[in-house]
Amino acid sequence: MAQPQLPLAMAGTDEVVRVARVRGGADLRQHLAELGFVEGSEVKVVSRAAGDVIVLVKGARLALNRSMASHITVSI
């Protein structure tokens, strides 16, 4: 059975999720991949406010606005 998926922007605080897919143009996908958002990588949501999220990915703490976070689909 497939894991439920949702945009990273909707993941809850303290939730640990896995990147399932990254959508968007080639430049955006490349930028997010360089930050560590590649398929299968683990992401922990540190905090969120109005769709903006602060996450831990590959040991780095990153802030993403709602637009960028909505391009990252995660499985919970």
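Listed values, structure above:
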quantity	calculated
Accessible area per residue, Å², the chain with all protein chains present, probe 1.4 Å	59
Accessible-area composition of the chain, carbon plus sulfur, in percent [1.4 Å probe]	51
Gain upon complete extension [Asn65, Ala49; 0.36 nm per residue less C-alpha separation]	4.8 nm
Relative contact order %, the chain, counting alpha carbon pairs below 8 Å whose residues are six or more apart	43
³J(HN,Hα), Karplus 6.51/-1.76/1.60, whole Hz, each residue of the range 68-76, x for Gly, Pro	5, 5, 6, 7, 9, 9, 10, 9, 9
Translational D in µm²/s for the chain (Stokes-Einstein at 25 °C, 0.890 mPa s, Kirkwood Rh from C-alpha pairs)	205
Mean residue ellipticity (222 nm) of the chain, computed from DSSP H runs ≥ 4 via -39,500 (n - 2.57), nearest 500	-5000 deg cm²/dmol
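The values are calculated or read from the model by the stated rules, or taken from the named source; none is laboratory data. In this text, all values refer to a predicted model and were calculated from it rather than measured experimentally. Only protein heavy atoms, including side chains, enter the accessible area calculation; ligands, DNA and RNA are left aside. Shrake-Rupley method; radii C 1.70, N 1.55, O 1.52, S 1.80 Å.
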